[in-house]
Amino acid sequence: MLVLGIESSCDETGAAIVKDGRWLLSNVVASQIDIHNRYGGVVPEVASRQQLASVLPVVETALAQSRCSWNEIDAVAATYGPGLAGSLLVGLTVGKTLALARNLPFLGINHLEAHIYANWLRNGDVEDTATQKTDVRFLEGDPTFPLLCLVVSGAHSELVLVRDHGDYELLGRTRDDAAGEAFDKVARILGLDYPGGPSIQKAAQQAEAELLQQNRSVTQARTAYRLPRAWLRGTYDFSFSGLKTAMLHLAEGATAEAQPSPEDVGKQISQYTRMGTEAAQKGPTDIPILAASFQEAIVDVLAVKTRLAAQEYNVKQVVLAGGVAANARLRKRIAQELSPLHIQLSYPPIEFCTDNAAMIAGAAFFHLSRGERHGFDLDVAPGLSLPFKK
Ligand code: KG4
Ligand code: ZN
């Protein structure tokens with residue numbers, strides 16, 4: 001079954017053609033990062049206007065690259081939530097219109113569920129083999145149920161037990177900021193580019209590379225600052241707002257030390273003491289080390305809680321989903337947590353962790369094969385959550 005998928009929930013416009021929920025025929029993404037970087041975050045009004053400008057060229061390119069004619073397409077799917085209402089409306093309307101015009105079945109897709117289904121996508125022939133070797137683990141077959149999924153995106157951080165297709169149980173979620181949101185806000189605090197995740201990862205890698213060059217341990221950068229971790233013991237919930245506040249205080253201190261600083265800033269710094277490593281220099285050069293310590297604090301909590309949940313629910317497999325799943329340190333830390341337990345870990349290639357339409361077309365296949373369809377009256381659902389049974 002060939003599905004044309006369309007994604008427009010936030011600041012990426014995507015179209016893809018995927019066969020049987022797994023095999024990629026084409027995958028096109030138009031990103032607005034350069035535009036929103038000027039504002040330090042996504043401006044919804046700008047995002048929806050940009051969606052409108054990009055959507056038709058992106059769909060046309062996806063069709064052309066797949067070398068499929070409309071006659072070969074079996075269904076059209078588009079994200080209907082969660083996301084920004086104006087952005088969602090563009091892709092959903094185009095998807096419904098194309099399905100109506102071509103007399104094809106239509107299906108609205110839950111963006112979060114699609115992130116999970118990115119784990120079913122195979123490399124097909126568009127994947128870069130170099131990246132695959134270093135960074136991507138492809139499964140021999142499909143992921144096996146029951147599995148535990150850590151969904152970490154710009155707006156969501158959830159631990160979800162997936163017993164079967166469509167059978168989701170929520171084990172824990174963030175009580176305040178999502179992991180991606182924390183990366184984005186802290187990047188802004190540190191004066192790094194939007195989106196925050198990749199720039200914090202890059203800054204942290206820079207700090208680590210400098211230490212390695214001096215024959216010192218990378219751990220020094222990761223532990224340079226003693227940052228708070230909200231363990232919320234006895235739950236699988238997360239909280240990242242305290243960490244964000246600590247970073248704000250530290251960053252104020254870091255900049256203030258370069259200039260004459262008011263006394264109270266000094267007090268705030270001492271609350272989150274620097275561990276006294278020589279690597280942690282004062283002033284703006286601290287930014288990469290701050291980034292490394294912050295990334296470690298987030299990754300620590302995500303990795304340990306994922307391992308605890310995997311043990312309690314006795315899953316054979318853990319999968320990662322959402323933009324933050326692109327984080328190299330997160331992938332490594334979770335792999336370290338799980339390897340003594342012989343629990344398999346898999347995650348999509350980086351470009352399928354962040355927003356894309358291949359995951360939309362992929363998820364659609366599993367719904368369509370169960371005979372599910374949506375009417376053309378389907379509306380956007382900006383606050384949609386995963387369809388939890390419990
Ligand atoms: O899934 P996604 O593309 O969009 C949403 O559905 O929200 O996730 C976007 C989020 C952003 O917060 C971005 O900073 C984060 O994913 N992200 C990363 C990395 N790449 C993207 N976070 C940490 N490390 C990365 N390498
Ligand atoms: Zn997403």
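Against the chain, whose longest principal axis is taken from its Cα atoms, helix 328-338 shows a tilt of about 90°.
Per residue of the chain, the DSSP helices (runs of n ≥ 4 H) give a summed -39500 (n - 2.57) that works out to -14000 deg cm²/dmol at 222 nm. Each semi-axis of the equivalent ellipsoid for the range 26-103 is √(5λ) with λ an eigenvalue of the Cα gyration tensor; in descending order they amount to 26, 15, 9 Å.
Against the chain, whose longest principal axis comes from its Cα atoms, helix 179-190 is set at around 50 degrees. Computed extension length for residue 245-residue 31: 74.1 nm, one decimal, from 0.36 nm per residue of separation with the Cα-Cα distance subtracted.
The C-alpha atoms of the chain define a longest principal axis, and helix 85-102 lies at about 20 degrees to it. Beyond 15 Å, the tail of the calculated P(r) for the range 300-367 holds 55 percent of the Cα pairs. Per residue, the average separation of C-alpha pairs within less than 8 Å and at least 6 apart gives the chain a relative contact order of 26 percent. Backbone phi angles across the range 36-41, fed through the Karplus curve with coefficients 6.51, -1.76 and 1.60 (θ = phi - 60°), yield HN-Hα couplings of 6, 4, 4, 9, x, x Hz in residue order; Gly and Pro are listed as x. Taking only protein heavy atoms and a 1.4 Å probe, the accessible area of the chain is 51% carbon and sulfur.
The length gained on full extension between residue 46 and residue 388, counted as 0.36 nm times the residue separation minus their Cα-Cα distance, comes to 119.9 nm. For a label point 7 angstrom out from the Cα of residue 142 toward its Cβ, which stretches of the range 328-370 have the backbone nitrogen within less than 19 Å? Label zone hits: 344-349, 358-370. For the chain, the Cα-based Rg and Dmax, in that order, read 21.5, 71 Å. Surface exposure of the range 52-93, expressed per residue as accessible area with a 1.4 Å probe, stands at 43 Å². Note on the range 136-231: Rg/Rh from Cα positions, Kirkwood definition for Rh, rounded to two decimals, is 1.07. Full extension of the chain segment joining residue 235 with residue 1 gains 80.2 nm, where the gain is 0.36 nm per residue of separation less the Cα-Cα distance.
The values are calculated or read from the model by the stated rules, or taken from the named source; none is laboratory data. Given the structure is predicted, the values throughout are model-derived calculations rather than measurements. Virtual Cβ from ideal backbone geometry, glycine too; neighbours counted across all protein chains shown. Calculation scope for accessible area: heavy atoms of the full protein, side chains included, ligands and nucleic acids excluded. Shrake-Rupley method; radii C 1.70, N 1.55, O 1.52, S 1.80 Å.
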